[in-house]
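First the structure, in the form of structure tokens, and then the observations on it.
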Amino acid sequence: MTLDPVFLPRVVLTAAILGSIIGGSIIATFFLYPNFQLPIYFIAIPWFHLAEFLSTANYQPQRIDINSFILDNYAYFGAHLFSLLEYYLELQFFPNLKNYNIISYIGILLIIISQFLRTLAMRTAGKNFSHHIKSNLEENHKLITNGIYHYLRHPSYTGFYYWAIGTQLLLQNPLSVVLFFYLLADFFKNRIPFEEFHLIRFFGDDYKNYRKNTYILIPFINSPPNA
């Protein structure tokens, strides 16, 4: 792992905080059961960010820094703060909305599957994976079409999309489920075509042919496209 020493104290502190939240939430799950939703939520969130850092460390050590935790997206945290506010207000004023544990179980299952899918996508792409869209073809950058990429385009995006929705099913947040469903789909509807524009620049017909035979399991995105 190649890490600039200047980032080391912040990386250690960030990892320690995330790990402490996970550990504390695991303990809280036993004490608060059957009200398990919030502790599991606070396991899922920091685990996602730890997994992002560890995956980058394993498969892209040349790129690793403090931003590998992807904790610098304020809109993302604003969305989760909104979801926590919704959870609290509904628990206080509409507690019957939180009585459908089967929805929470579905959310947990979706979180686990989606987290696995995203991590698998990062592992399969290896050094070709990046948290940032590349506008220039780098040396040894290859078009990945094996493994999960044989079936899905942008499986890491699909994983993140359903992971985020799973967190809101876990909390039984009807409003946030709808907002996450549409807002994230709209985000990827803009991001994916921009990224694929550059991939066509890099790989030409190879990417066009690959695109015709793979799918994106995110709503409102034409998959497979007509061209």
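Has segment 177-197 got any residue that is of a type in the set (S, T, Y) and either surrounded by 22 or more Cβ atoms within 10 Å (Cβ to Cβ) or closer than 19 Å to A44 by Cβ (or both)? Scanning segment 177-197 turns up no residue that is of a type in the set (S, T, Y) and either surrounded by 22 or more Cβ atoms within 10 Å (Cβ to Cβ) or closer than 19 Å to A44 by Cβ (or both). Applying a threshold of 8 Å to beta carbon distances and a minimum spacing of six or more residues, or different chains, the list of pairs starting in segment 87-114 at a residue that is touching a residue at least 60 places away in the same chain (Cβ under 8 Å) and ending at one that is exposed (fewer than 14 other Cβ atoms within 10 Å of the Cβ) reads N101/P34. Among the residues of segment 105-146, the ones that are basic (K, R), within 16 Å of the chain's Cα centre (by Cα) and open to solvent by 90 Å² or more (accessible area, probe 1.4 Å) come to 1 in all.
Looking only at residues in segment 68-83 that are of a type in the set (A, V, I, L, M, F, W, C) and free of Cβ contacts under 8 Å to residues at least 40 places away in the same chain, the one that is farthest from N173 (Cα to Cα) is A75. Across segment 178-227, the number of residues qualifying as hydroxyl-bearing (S, T, Y) and over 30 Å from Q168 (Cα atoms) comes to 2.
Across segment 60-75, the qualifying residues are those that are within 14 Å of the chain's Cα centre (by Cα) and surrounded by 15 or more Cβ atoms within 10 Å (Cβ to Cβ), and the one among them that is nearest to L184 (Cα to Cα) is L71.
Go through (1) of a type in the set (S, T, N, Q); (2) over 18 Å from Y157 (Cα atoms); (3) out of contact with any Pro (no Cβ under 8 Å at 6 or more places or on another chain); (4) assigned to a helix (DSSP H, G or I) one by one and return the number of the condition N35 breaks. N35 satisfies all of (1) of a type in the set (S, T, N, Q); (2) over 18 Å from Y157 (Cα atoms); (3) out of contact with any Pro (no Cβ under 8 Å at 6 or more places or on another chain); (4) assigned to a helix (DSSP H, G or I) except (4). Does segment 153-163 contain any residue that is over 24 Å from D72 (Cα atoms) and in contact with a strand residue (DSSP E or B) (Cβ under 9 Å, 6 or more places away or on another chain)? Yes, some residue in segment 153-163 is over 24 Å from D72 (Cα atoms) and in contact with a strand residue (DSSP E or B) (Cβ under 9 Å, 6 or more places away or on another chain). Summed over segment 40-51, the residues that are open to solvent by less than 10 Å² (accessible area, probe 1.4 Å) and free of Cβ contacts under 8 Å to residues at least 40 places away in the same chain give a count of 2. Considering A44, A51, A57, the condition of being over 22 Å from F187 (Cβ atoms) and either assigned to a helix (DSSP H, G or I) or of a type outside the set (A, V, I, L, M, F, W, C) (or both) is satisfied by A57 alone. Cβ contacts < 8 Å: first residue open to solvent by 80 Å² or more (accessible area, probe 1.4 Å), restricted to segment 10-26; second residue at pLDDT below 95, any location; separation 6+ or different chain. Result? Correct list of pairs: R10/I66. The set of residues from segment 78-104 being open to solvent by 70 Å² or more (accessible area, probe 1.4 Å), among the hydroxyl-bearing types (S, T, Y) and in a helix (DSSP H, G or I) comprises just one member, Y88.
Of all residues in segment 127-150, those satisfying the criterion of being among the charged types (D, E, K, R) and over 19 Å from S68 (Cα atoms) are E138, E139, K142.
The values are calculated or read from the model by the stated rules, or taken from the named source; none is laboratory data. Keep in mind it's a predicted model, so treat the numbers as computed, not measured. Positions of Cβ are backbone-derived with ideal geometry, glycine not excepted, and every protein chain shown enters the neighbour counts. Accessible surface areas use protein heavy atoms only, side chains included; no ligands, DNA or RNA. Shrake-Rupley method; radii C 1.70, N 1.55, O 1.52, S 1.80 Å.
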